[in-house]
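Trainee: One structure coming up, written as structure tokens, with questions to follow.
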Amino acid sequence: IDPTEGYPKVGEHFGLEERPFDLEATKVDEEHPLLLRNIYTSIDPYIRNRIRNPKRKSYIPPLKIGQVIPNLTLAEVVKSAVPEHKTGSHVIFMSGWEEYTLVPKQAMGMVQSVNNPYNLPLMTFVGALGMPSQTAYVGLRHIGQPKAGETIYVSAASGAVGQVVGQLAKSMGLYVVGSAGSDEKIAHLKEIGYDAAFNYKKESVHEALPRVCPKGIDIYFENVGGETLDAVLLNANFHARIIFCGCISDYNNPNPYSLKNYSQILTKSIKVEGFIVMNLIPFYKEEYFREMPKLIADGRLKYKYDVYTGLESIPEGFLAVLQGKNFGKALSKIADE
Ligand code: NDP
């Protein structure tokens, strides 16, 4: 089902398939050097873009019908033919929505060892330290170029990316404003340090933004797109920066939103910059893993999870993310640690 056809349905577009698998008899060798037992898999909105009509071009190839959905996963090495990944150690790999994964030799470069000097819970490596937090970090710091005293507005602020953007921005001395889709989420934003927040389902962005951003918006961390972006353009300051991270309101929209206020980009000299985290993070990985684990270990960065248990619950978790029913970072616990 292409994004232009609306939301996928759990019972119709996803299937659970049992394939014969003999753990004892499965061998690792030069062709398949690792056998992984998948424990926690991340549930991310970008997967929607991989479920599409193959004719449409994007930065990432479309999935084939019947293919196991790949996603970043924390796994235990259960058999290994290589010295760098010992049996019993943990890795991050694009295994995906399955219980066991045999890693082909061509993909070995993508296997990352888990280095855990602060003894953080294992789910942290696809959670508070995972890809969405990396997105928050590189987007805010390296695209947003934030300065103390500026106002930042973050949409989908209670989600996997948004909760980290807000806390990092606060620690840099910004005035931090967020929006989310329920009163419970708004209360949480205040608890984690947002200066102001509003429920966009109760008050329109057009009404709320002048109230919650009295000095205008210097930085907008864009997660949702659509009308929110239009309202931001009207409330943006001169030389505002828009960190274009995502536009989830259009991911299942048969009638993509048409921007009305785009001339503000010109008249206010606004900089709009999109990015894909996987292309940027290699440049900042070292500083990220130097700074972030410590913030998490010290409790200075709080992180809310929304955990779906069992392989069969992943499609439900995925739909929840697309429809705003998740509260915090969605991930699935496929197996016990
Ligand atoms: P979240 O955990 O924030 O979950 C998605 C949230 O989006 C929902 O909980 C919901 O929150 C909100 N949402 C859903 N539909 C709508 C809608 N129609 N209008 C407004 N808000 C909606 O997801 P992530 O933090 O993982 O991702 C956030 C954004 O970042 C996404 O757009 C994603 O594609 C993007 N992203 C981009 C990356 C990159 O490399 N550029 C990497 C990772 C993520 P609410 O209740 O508040 O509406």
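Quick note: the coordinates plus some simple rules give every number you see, no bench work behind them. Because the structure is predicted, anything quoted here is derived from the model rather than measured. A quick note on method: Cβ atoms are made from the backbone with ideal geometry, for glycine too, and the neighbour counts reach across all protein chains shown.
Trainee: In whole percent, what relative contact order does the chain give with Cα contacts below 8 Å and a gap of six or more residues?
Mentor: 19 percent
Trainee: Using the Cα centre of segment 1-105 as the reference point, and only Cβ charges (+1 on K/R, -1 on D/E), how large is the resulting charge dipole? Debye, rounded to the nearest 20.
Mentor: Roughly 560 debye for segment 1-105.
Trainee: Next question. Convert each backbone phi in segment 185-194 into a coupling constant with the Karplus relation 6.51 cos²θ - 1.76 cosθ + 1.60 (shift: θ = phi - 60°), then list the ³J(HN,Hα) values in order as whole Hz, x for Gly and Pro.
Mentor: Result, rounded to whole Hz: 5, 5, 4, 5, 4, 5, 4, 8, x, 4.
Trainee: Could you give the distance between the Cα centres of segment 1-53 and segment 166-217, to the whole Å?
Mentor: 36 Å
Trainee: So for the chain, what are the equivalent ellipsoid semi-axes in whole Å, largest first, each being the square root of 5 times an eigenvalue of the Cα gyration tensor?
Mentor: Gyration-tensor ellipsoid for the chain: 36, 23, 18 Å.
Trainee: Using a cut-off of 11 Å between beta-carbons, work out the net charge of the residues near Arg37 (Lys and Arg +1, Asp and Glu -1, Arg37 not included).
Mentor: -4
Trainee: Let me ask something additional. Aspartates and glutamates within cross-link reach of Lys185: Cα-Cα under 13 Å, excluding same-chain residues under 8 positions apart?
Mentor: Hits, sequence-local ones excluded: Asp306.
Trainee: Taking 0.36 nm per residue of separation and subtracting the Cα-Cα distance, what length does fully extending Thr4 through Arg290 add?
Mentor: Extending this stretch completely gives an extra 98.9 nm.
Trainee: Using the eigenvalues of the Cα gyration tensor, what equivalent ellipsoid semi-axes result for segment 131-277 when each is taken as the square root of five times the eigenvalue, whole Å, largest first?
Mentor: One finds semi-axes of 19, 18, 16 Å for segment 131-277.
Trainee: For Asn279 and Ser113, compute 0.36 nm times the residue count separating them, minus their Cα-Cα distance, and round to one decimal in nm.
Mentor: 57.8 nm
Trainee: Give me the extension gain from Lys190 to Ala335: residue separation times 0.36 nm, minus the current Cα-Cα distance, reported in nm with one decimal.
Mentor: Going from the current span to full extension adds 48.8 nm.
Trainee: What residues from segment 1-29 fall in the zone where the backbone N is under 17 Å from a label point 7 Å along the Cα-to-C-beta line of Ile60?
Mentor: Residues passing the 17 Å test: 1-4, 8.
Trainee: Each label point is 7 Å from the Cα along the Cα-to-Cβ direction; what then is the distance between the points at His239 and Ser269, in nm?
Mentor: Distance between the two pseudo-spin positions: 0.6 nm.
Trainee: Quick one: angle between helix 314-323 and the longest Cα principal axis of the chain, in degrees between 0 and 90, rounded to 10, please.
Mentor: It is inclined by approximately 10 degrees.
Trainee: Moving to a separate point now. Taking the Cα-to-Cβ direction at Tyr257 and at Glu316 and moving 7 Å from each Cα, how far apart do the two end points lie in nm?
Mentor: 3.0 nm
Trainee: Report, in degrees rounded to the nearest 10, the 0 to 90 angle that the Cα long axis of helix 277-297 makes with the longest principal axis of the chain.
Mentor: Long axis of 277-297 versus the principal axis of the chain: about 90 degrees.
Trainee: If we sort 193-199, 280-286, 302-308, 34-40 on the protection proxy, mean other Cβ atoms within 10 Å, highest first, what's the order?
Mentor: Result, highest mean Cβ count within 10 Å first: 34-40, 193-199, 302-308, 280-286.
Trainee: I'd like the antiparallel share, as a percent to the nearest 5, of DSSP beta bridges with both residues in the chain.
Mentor: Percentage antiparallel, nearest 5: 45.
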